[in-house]
Every structure is written in C-alpha cells, then in structure tokens.
Amino acid sequence: MWLWWFLIPYIGLIMAFVFAWNRRRNINLLPADTTLFVSIILSVRNEEKAIQSLLYSMQNQTYKNFELRIVDDSSEDETFSLCSQLSSQFPFMSVQKSEYQGKKKSLRQGIYSAHSELIVCIDADVHYPPEWLATLVSFYQTENADLLIAPVKMKVTNTFYSKLQALEFLSLQASTGASALFKKAIMCNGANIAFKKDVYLAVQNELVDTEVSGDDMFLLAAIKKMGGKVRYVYSPKAIVDIYPSPSLSDFLQQRMRWVSKSASYSDSDVIFVSFTVLFAQIAIVIAGALAIFHMMFVPIFISLFFSKWVVDSWLLYKASDFLGQKRLVLYSLLLSLVYPFYVISVACCSMICPIKWKNRNI
C-alpha cells in the first residue's frame with residue numbers, strides 16, 4: 001500500500017543511525033593539558049533553586065583551570081543576588097546582568113567577555129560529574145574540533161510519567177549521537193556543548209537573532225555551513241544529567257518551543273530528518289484511522305506499526321547501552337503507541353498556541 005512509501009525512508013534512516021552506533025570507535029585521547037584555560041558560559045533566568053548545586057558540581061571538577069561566567073537574563077527571583085553573595089565562596093565564578101533579553105543574546109554577552117579559546121556552554125539545572133570538563137578538554141585537544149556535541153541523559157524517578165519522558169529524551173539523544181558519529185549532525189543540546197571562540201565569532205551573524213531560543217541548533221547549522229569540524233564526545237565520563245519536566249504542561253511547552261523555530265532551519269540534514277520522521281508518524285496515524293473503519297486496513301496498520309517499533313527499539317537499545325538506560329527500552333512499545341499523535345499534536349500546537357519560557361512569552 002502507498003502508506004509504506006511514507007515509512008520506508010524512515011526505516012532506512014533509523015537503520016543508518018543504528019549502523020552509526022555500531023561503527024563507533026573509542027578514541028585514544030590525549031591526557032588533558034591543564035595549561036588550557038577554559039571559559040564556561042551560563043545564561044540563567046529564575047534559577048535560584050538550582051544555582052548552588054550547579055556551583056558545587058563545578059567546584060568538584062577534576063579539571064581546575066577554568067572560569068565560570070554567569071549572565072543573568074532578567075531573573076525575577078533572587079538568582080542574581082544569590083550568585084553575587086556566593087562569588088567569594090566560588091572564586092572561579094563571576095556574574096553579570098545581561099544587557100539584552102533572551103538566552104541567545106545573554107550567552108553572546110558572556111562569550112564576548114570570555115578569556116579562553118575554548119568555550120563550554122552549560123545549563124543551571126543540570127548535574128555535571130567530576131571528570132566531565134577534563135573529558136571535554138581531552139576530546140578538544142585530541143580532535144581539534146570546532147564544535148563538540150556531548151551526551152545528555154535524563155534522570156529517571158519512580159514515576160511512570162518520568163520514565164516515558166526519559167525514554168522520549170533518549171530517542172532524541174540516540175539520533176543526536178548517531179547523526180554526529182555519522183558526521184551528519186542534526187542536533188545538539190546547549191546543556192553540554194563546547195566550541196572555539198573564534199569560530200563562534202566568525203558565524204555569529206548566522207545565528208538567527210529573530211528566534212529568541214535555538215542558540216545551540218543555529219550554532220551547529222552555522223558551523224556545518226562553514227565546513228567546520230563537528231565531533232561527538234563518545235565517553236561515559238562526559239554524560240551529564242538533566243531532570244524531567246515537573247508537569248505535562250511544562251514538557252509540552254518545551255517541545256513546542258523547540259519545534260516553533262524549525263521554520264528558521266536551513267540545514268538540509270535537519271530538514272530531511274524532520275520531514276522523514278513527520279511523514280512516518282502521519283503514516284501510522286492514517287493507517288490506524290483507516291483500520292478503525294475497515295477491517296482490511298488492520299493488517300496494514302499492524303505491519304507498519306510493528307516495523308517502525310522494531311527499528312526504533314533497536315536504535316534505542318544501542319543508545320541506552322552507552323547512556324546506561326537499558327531498562328527504559330522496556331517501555332518502547334507504549335511510547336510507540338502515543339508517539340505519532342504526540343509528534344503531530346506538538347507540531348500543530350507550536351504554530352497556533354502561545355509559547356512561554358520562565359514567565360516570558362517567546
């Protein structure tokens with residue numbers, strides 16, 4: 001049936017991603033040269049509850065030759081004053097108020113003032129293990145990459161909701177890692193990336209300032225466009241932990257925010273993957289709807305659904321092995337049942353619903 005033509009490109013794409021995880025190689029890393037000074041840049045807004053924990057995780061890094069530049073993006077809570085009070089306790093940290101509105105421009109302000117050739121961007125509500133920075137520095141010095149894409153893992157709590165959320169995030173990380181290992185990177189996460197300052201300055205006019213967010217994705221696209229070297233940090237020591245969204249509303253707002261800027265994407269790899277994934281979900285939904293009204297479509301729906309589920313689970317297993325989340329794959333069948341409706345709904349809502357981020361309309 002013609003619906004298979006919607007799914008076959010998707011199956012080919014996922015199999016390519018599986019192949020990329022299979023052909024990954026461990027790099028013989030150079031020991032981190034501690035003479036390299038690193039600038040860590042953090043844009044914050046309303047992070048008074050998370051900032052102190054973040055500072056302790058920075059203090060516990062085994063690599064000590066760094067500065068942490070915090071740029072406060074018009075916080076409505078006590079984030080700025082708390083950072084100012086803690087500056088004596090954490091001498092590697094400095095804080096300044098952003099002269100502009102929005103995370104992208106706040107980060108730019110911090111990057112301009114940075115003293116290092118290597119810039120590392122982080123988020124406040126993330127846990128960074130002690131050897132994280134040393135691992136990034138080792139990869140940078142070994143690969144001499146213009147952009148390093150490092151892995152991010154969502155922590156799982158005891159709730160069923162958090163497990164599904166973590167599995168959905170695992171699927172994004174599976175595609176992130178695979179595409180980067182394939183040297184066709186389509187995603188990165190601003191909570192764990194590193195890049196050369198001079199490369200950033202060279203592409204800053206390509207970062208689509210009309211979009212308030214997307215600092216990471218537009219930077220990736222700009223560096224790829226200039227022919228820069230993009231590498232994936234394949235090391236468990238570089239994995240950082242983020243936390244599930246506390247509510248379904250927060251989760252959907254975040255996903256709508258991510259999707260809303262897709263109209264500004266110009267990277268051919270990103271566009272191809274986005275449409276391939278969307279058409280696959282549409283095929284499943286159409287087949288399911290037809291199966292409800294006519295029994296002859298039931299075998300077609302079942303074959304489409306399970307074909308997609310098998311390749312998805314294979315990819316998830318490969319990524320979960322690296323990220324230490326194999327048990328999450330047990331929930332893949334349930335996620336596959338809701339995922340097509342979720343993708344289509346988020347895509348539609350991102351075009352018509354108001355989107356907020358930390359009490360700010362974007």
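The values are calculated or read from the model by the stated rules, or taken from the named source; none is laboratory data. Since the structure is predicted, the reported quantities are computational estimates derived from the model, not experimental observations. A quick note on method: Cβ atoms are made from the backbone with ideal geometry, for glycine too, and the neighbour counts reach across all protein chains shown.
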Checking the structure you have, find out if any residue of the range 22-32 is buried (at least 16 other Cβ atoms within 10 Å of the Cβ), among the polar types (S, T, N, Q) and outside any loop (DSSP other than H, G, I, E, B). no
Being surrounded by 14 or more Cβ atoms within 10 Å (Cβ to Cβ) and under 30 Å from GLU131 (Cα atoms) is the requirement here; does ASP269 meet it? no
Taking the condition surrounded by fewer than 15 Cβ atoms within 10 Å (Cβ to Cβ), within 30 Å of GLU206 (Cβ to Cβ), at pLDDT below 95 and over 20 Å from the mean Cα position of the chain (by Cα), does GLU76 pass? no
Residue set SER274, SER345, SER320; condition out of contact with any Lys or Arg (no Cβ under 7 Å at 6 or more places or on another chain), of a type in the set (Ser, Thr, Tyr), modelled with pLDDT of 90 or more and assigned by TED's automatic domain parsing to the domain that holds GLY12; output residue SER274
LYS308 being outside the structural domain of MET226 (by TED's automatic domain parsing) and buried (at least 20 other Cβ atoms within 10 Å of the Cβ): yes
Within the range 126-182, restricting attention to residues that are closer than 25 Å to ILE51 by Cα, in contact with a helix residue (DSSP H, G or I) (Cβ under 7 Å, 6 or more places away or on another chain) and among the small types (Gly, Ala, Ser), which residue is surrounded by the fewest Cβ atoms within 10 Å (Cβ to Cβ)? ALA166
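Could you look through the range 217-234, keep only residues that are assigned to a loop (DSSP other than H, G, I, E, B) and under 16 Å from the mean Cα position of the chain (by Cα), and pick out the one that is surrounded by the most Cβ atoms within 10 Å (Cβ to Cβ)? Quick ask: steps written out before the conclusion?
Keep residues of the range 217-234 that are assigned to a loop (DSSP other than H, G, I, E, B), which gives 226-229, 233-234.
Those still in the list that are under 16 Å from the mean Cα position of the chain (by Cα) too: 233-234.
On the way: VAL233: 25, TYR234: 18.
Looking at residues that are assigned to a loop (DSSP other than H, G, I, E, B) and under 16 Å from the mean Cα position of the chain (by Cα), I get VAL233.
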Among the residues that make up the range 291-305, is at least one of them over 30 Å from ASP216 (Cα atoms), among the polar types (S, T, N, Q) and free of Cβ contacts under 8 Å to residues at least 40 places away in the same chain? yes
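To keep it simple, each residue is scored yes or no on (1) out of contact with any strand residue (DSSP E or B) (no Cβ under 7 Å at 6 or more places or on another chain); (2) of a type in the set (A, V, I, L, M, F, W, C).
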residue: LYS196; (1), (2): no, no
residue: VAL203; (1), (2): yes, yes
residue: GLU211; (1), (2): yes, no
residue: GLY214; (1), (2): yes, no
residue: PHE218; (1), (2): yes, yes
residue: LYS224; (1), (2): no, no
residue: TYR232; (1), (2): no, no
residue: PRO236; (1), (2): yes, no
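GLY227: at positive phi, without any contact (Cβ under 8 Å) to a residue 12 or more places away in the chain and of a type outside the set (A, V, I, L, M, F, W, C), yes or no?
Details: at positive phi: yes; without any contact (Cβ under 8 Å) to a residue 12 or more places away in the chain: yes; of a type outside the set (A, V, I, L, M, F, W, C): yes.
Yes.
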Which listed residue is surrounded by 16 or more Cβ atoms within 10 Å (Cβ to Cβ), touching a residue at least 60 places away in the same chain (Cβ under 8 Å), out of contact with any Cys (no Cβ under 7 Å at 6 or more places or on another chain) and of a type in the set (Val, Ile, Thr), from VAL71, VAL44: VAL44
Residue count, the range 235-253 (criterion: at pLDDT 95 or above and either under 16 Å from GLU143 (Cα atoms) or of a type in the set (A, V, I, L, M) (or both)): 4
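Would you mind stating whether SER260 is more than 30 Å from PRO129 (Cβ to Cβ) and crowded, with 21+ Cβ neighbours inside 10 Å? Spell out the reasoning first.
Values: more than 30 Å from PRO129 (Cβ to Cβ): yes; crowded, with 21+ Cβ neighbours inside 10 Å: yes.
It is true that SER260 is more than 30 Å from PRO129 (Cβ to Cβ) and crowded, with 21+ Cβ neighbours inside 10 Å.
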Could you tell me how many of the residues in the range 37-65 are among the hydrophobic types (A, V, I, L, M, F, W, C), touching a Phe, Trp or Tyr at 6+ places or on another chain (Cβ under 9 Å) and in a helix (DSSP H, G or I)? 3
Which of the residues belonging to the range 79-97 are buried (at least 16 other Cβ atoms within 10 Å of the Cβ), in contact with a Leu (Cβ under 9 Å, 6 or more places away or on another chain) and of a type outside the set (A, V, I, L, M, F, W, C)? SER94
For the range 247-259, check the following and say yes or no: at least one residue is touching a strand residue (DSSP E or B) at 6+ places or on another chain (Cβ under 9 Å) and either of a type in the set (D, E, K, R) or within 23 Å of LEU29 (Cα to Cα) (or both). yes
